[in-house]
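One structure is given here, and the rest of the page talks about it.
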Amino acid sequence: MLHKSLLTAIVFCLVWGGAALSQPQGEAPRSPTPAAVNGPVRVETAARGLEHPWGLALLPDGRMLVTERPGRLRIVERDGRLSEPLAGVPQVFGQGQGGLLDVALSPGFAQDRLVYISFAEPGEGGAGTAVARGRLGERGLEGTQVIWRQQPKVNGPNHWGSRLVFRPDGTLFVTLGDRFSYRERAQELSVTIGKIVRINADGSVPRDNPFVDRAGARAEIWSYGHRNVQAAALQPQTGQLWTVEHGARGGDELNRPEAGKNYGWPVITYGVDYSGARIGEGTAKPGMEQPVYYWDPVIAPSGMIFYTGEAFPDWRGSILIGGLQSRVLVRLVLAGGRVAREERYLADQRERIRDVRQGPNGTLYLLTDSPQGRVLRVVPATRP
């Protein structure tokens, strides 16, 4: 009897233990796709007449710098008037999704007046994402220099990234794309396609980057296996980088990119190809990171912040993300490093939201992606 019981136990363990071993790693939480609601907000137009505005930076004097994808950088005055295009912007590759992309102020802008821009740069082999900086003067950027270039340049008009995020140590994260037709190269450490890179403010490589001492790897790489990252921000309490990247048909991802880690694209993904065909090997694989959260159907994310302001006290600590295809402002409530709740706002605007920034007193500023794009100011509904 004991022998029979032992044999039964062994068979049970082999069958069910083997089945457990064959199961994929735990899947990431999926967005429940909540319906948009009317929030405690009022939306005002702060500026209009921008052609596909892409990135926004708030100047200390209350004005704004705004990029237009065709290759123009403008100042938005406090009364909403647009300046003429500023001088000193490099030539851009203005096809498809390419052009002038993000803009960020130097952490020491009050002293050095340096402005950083990312853009699609034409050149030998096609085009690639690049970063330049120049000093903001009377007529525009002065002494503009390209400080970093994606390698290699390839053909095609899509998937450039790109957001610019400074860390407290003065280094700069640059988020990138897989250039659409080159997704397999997101797994190659010899190129910067499909990566997030970390550089010094002058474009050089920090000595503590994860691949500095690996032969054959690009030393500026921070993390890899990314598809197209157009939303990025630092969590104020931890200083950690969070990003949201575009999936294909399904599979937009919220990630916390850590040094040296592989985020899976295109080997693992929660989306499928636009044709409906499967991409890669599934949703999980050892050695590849799971997202914190994913969307299917997609929101098409672009621009994000961690909200810290006073205007919407209930939103403090939340992530706010712009939605292009979804045409909403997405709010993620966090608890213990995970998404506890998702809310969606501003569907009544029917606008593709390209960028999200926080202004003085917690006022929000959003860019709308259209040939007649606007800067939206979002204030509490009870504001007099």
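Details
- Just one residue in the set F119, F173 is buried (at least 16 other Cβ atoms within 10 Å of the Cβ), touching a Pro at 6+ places or on another chain (Cβ under 8 Å), under 16 Å from A57 (Cβ atoms) and in contact (Cβ under 8 Å) with a residue 12 or more places away in the chain; that residue is F119.
- Top-ranked residue of region 94-107 - restricted to ones that are without any contact (Cβ under 8 Å) to a residue 60 or more places away in the chain and not in a strand (DSSP E or B), ranked as surrounded by the most Cβ atoms within 10 Å (Cβ to Cβ): G99
- Here A35 does not fit the description of being surrounded by 13 or more Cβ atoms within 10 Å (Cβ to Cβ) and among the hydrophobic types (A, V, I, L, M, F, W, C).
- Residue that is in a strand (DSSP E or B), more than 18 Å from V244 (Cα to Cα), hydrophobic (A, V, I, L, M, F, W, C) and modelled with pLDDT of 95 or more, where the choices are V375, V356: V375
- Among the residues of region 343-353, those that are crowded, with 18+ Cβ neighbours inside 10 Å and either in contact with a Phe, Trp or Tyr (Cβ under 8 Å, 6 or more places away or on another chain) or assigned to a loop (DSSP other than H, G, I, E, B) (or both) comprise L346, E351, R352.
- Region 174-212: number of residues that are hydroxyl-bearing (S, T, Y), part of a loop (DSSP other than H, G, I, E, B) and closer than 18 Å to G225 by Cα: 4
- Flag if A132 is crowded, with 16+ Cβ neighbours inside 10 Å, part of a strand (DSSP E or B) and touching a Pro at 6+ places or on another chain (Cβ under 6 Å): yes
- Number of residues in region 227-238 that are touching a Phe, Trp or Tyr at 6+ places or on another chain (Cβ under 9 Å), outside any loop (DSSP other than H, G, I, E, B) and within 14 Å of K195 (Cα to Cα) equals 4.
- Given (1) among the polar types (S, T, N, Q); (2) farther than 21 Å from Y294 by Cβ; (3) touching a His at 6+ places or on another chain (Cβ under 6 Å), index of the condition N228 fails: (2)
- Condition met for L101 (farther than 23 Å from I221 by Cβ, of a type in the set (A, V, I, L, M, F, W, C) and modelled with pLDDT of 95 or more): no
- Residues of region 135-155 satisfying the condition of being closer than 15 Å to F93 by Cα and either surrounded by fewer than 17 Cβ atoms within 10 Å (Cβ to Cβ) or of a type in the set (D, E, K, R) (or both): V146, R149, K153, N155
- Boolean, I321 is touching a Pro at 6+ places or on another chain (Cβ under 6 Å) and either outside any loop (DSSP other than H, G, I, E, B) or crowded, with 22+ Cβ neighbours inside 10 Å (or both): yes
- Some residue of region 307-317 being of a type in the set (V, I, T), surrounded by fewer than 23 Cβ atoms within 10 Å (Cβ to Cβ) and over 24 Å from L65 (Cα atoms): no
- Selection over region 239-278 of residues that are buried (at least 21 other Cβ atoms within 10 Å of the Cβ) and either hydrophobic (A, V, I, L, M, F, W, C) or in a strand (DSSP E or B) (or both) gives a count of 12.
- Region 354-384, residues that are surrounded by fewer than 17 Cβ atoms within 10 Å (Cβ to Cβ) and more than 16 Å from V37 (Cα to Cα): P360, N361, S370, P371, Q372, T382, R383, P384
- Count of region 285-331 residues, restricted to those that are under 22 Å from P53 (Cα atoms), touching a strand residue (DSSP E or B) at 6+ places or on another chain (Cβ under 7 Å) and among the polar types (S, T, N, Q), is 1.
Every residue, every condition in (1) under 30 Å from S106 (Cα atoms); (2) in a strand (DSSP E or B); (3) touching a His at 6+ places or on another chain (Cβ under 6 Å); (4) modelled with pLDDT under 95, yes or no:
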{"position": "F12", "(1), (2), (3), (4)": "no, no, no, yes"}
{"position": "V15", "(1), (2), (3), (4)": "no, no, no, yes"}
{"position": "A19", "(1), (2), (3), (4)": "no, no, no, yes"}
{"position": "G26", "(1), (2), (3), (4)": "no, no, no, yes"}
{"position": "V43", "(1), (2), (3), (4)": "yes, yes, no, no"}
{"position": "D61", "(1), (2), (3), (4)": "yes, no, no, no"}
{"position": "G80", "(1), (2), (3), (4)": "yes, no, no, no"}
{"position": "E84", "(1), (2), (3), (4)": "yes, no, no, no"}
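The values are calculated or read from the model by the stated rules, or taken from the named source; none is laboratory data. Just so it is clear, the structure is predicted and the values come from calculations on it, not from any experiment. So basically every Cβ, Gly included, is an ideal-geometry build from the backbone, and we count neighbours across all protein chains shown.
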